[in-house]
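Here the structure comes first, spelled out in structure tokens, and everything after it is commentary.
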Amino acid sequence: MNSIVTQRFIKCHDKLREENRVRSSRQFALSLEYLPQSLSEILKGRRDVTIELLRKAVELYKINPVYIYTGEGPMFMTEEDHNKSFRVLTIVTNSQDDERIVHVPIPAQAGYANDLTDPTFIQDLPTFTLPDYKYKVGTHRSFDVAGDSMEPTLFEGDKVVCSFLEPTLWENSIKDNYVYVVVTRGDVVVKRVFNKLKSNKQLELVSDNSFYEGYTVNLGDIREIWYVRAKVSPFLPSPQNIQTYLSEEMKDLKQTVKEQSRLIENLNKTVEKLLNSTSQA
């Protein structure tokens, strides 16, 4: 039996035919640059609809992605709805139709968050594969880590390899205190997440670096969520270097404490002198 998303896609196809907006399933497939035989397999329940086919159907026939993923709302969007910030995931495949992992480097992240419908933006990004079988199933993406907000877990220059989390799974599948890549309207962030979707329609995003305060994002501002499964670090310092670094840090800390103690001692002496002079007066 095919997925609930595929079942809703089939209902949209049937509605288009019922309203004579498409003459036949073959014409529907060809208009979406899809093989009619493959569409027939979907309609017969032998395979699931692909994300790329959904993207094209949303663009051409204004199929409502909210209905497709949640079952809520109308099957089709109005022009006003169509201009809103809906996002259907674009994927990249090789000549054997195997999905590749798209990498989103830091310079492309602002464009990635803002881009809505142009698949060429994603197709122009670098892609790669990994040998582990778990990266052969589903949609995966990797992102560069920017800044120091997730230290010491993740450092700037690290890459996180992630699995796509469908919007229908957000409410129940996002686990508290796990690390996710959250794509919002205009930003791509790597954070530890606390799920408050059921109670407040929000996610709480927390940094591992205590210097940065946590904050919340509203459900309506979230465009994609990716579960971080692995990281790729460009540099692994030797234990000796780590020990040297920690020794230097401890040395600086001791010096700071010593200096603070000296300042407090001088302050106490000054206060004592003032009290003595006051009492003598």
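Restricting to region 39-51, and then to whatever is of a type outside the set (Asp, Glu) and surrounded by 14 or more Cβ atoms within 10 Å (Cβ to Cβ), can you tell me which residue is nearest to residue 91 (Cα to Cα)?
Here the residue is 51.
So, in region 29-63, how many residues would count as being in a helix (DSSP H, G or I) and within 28 Å of residue 120 (Cα to Cα)?
The number of residues fulfilling the criteria is 21.
Do we find that residue 26 is in a helix (DSSP H, G or I), modelled with pLDDT of 80 or more, of a type in the set (Lys, Arg) and more than 30 Å from residue 128 (Cα to Cα) in this structure? Steps first, please.
Values: in a helix (DSSP H, G or I): yes; modelled with pLDDT of 80 or more: yes; of a type in the set (Lys, Arg): yes; more than 30 Å from residue 128 (Cα to Cα): yes.
Yes; evaluated as a whole, the condition is true for this residue.
The values are calculated or read from the model by the stated rules, or taken from the named source; none is laboratory data. Remember, it's a predicted structure, so these values are computed and weren't measured experimentally. In this analysis, Cβ positions are derived from the backbone assuming ideal geometry, glycine residues included, and neighbour counts consider all displayed protein chains.
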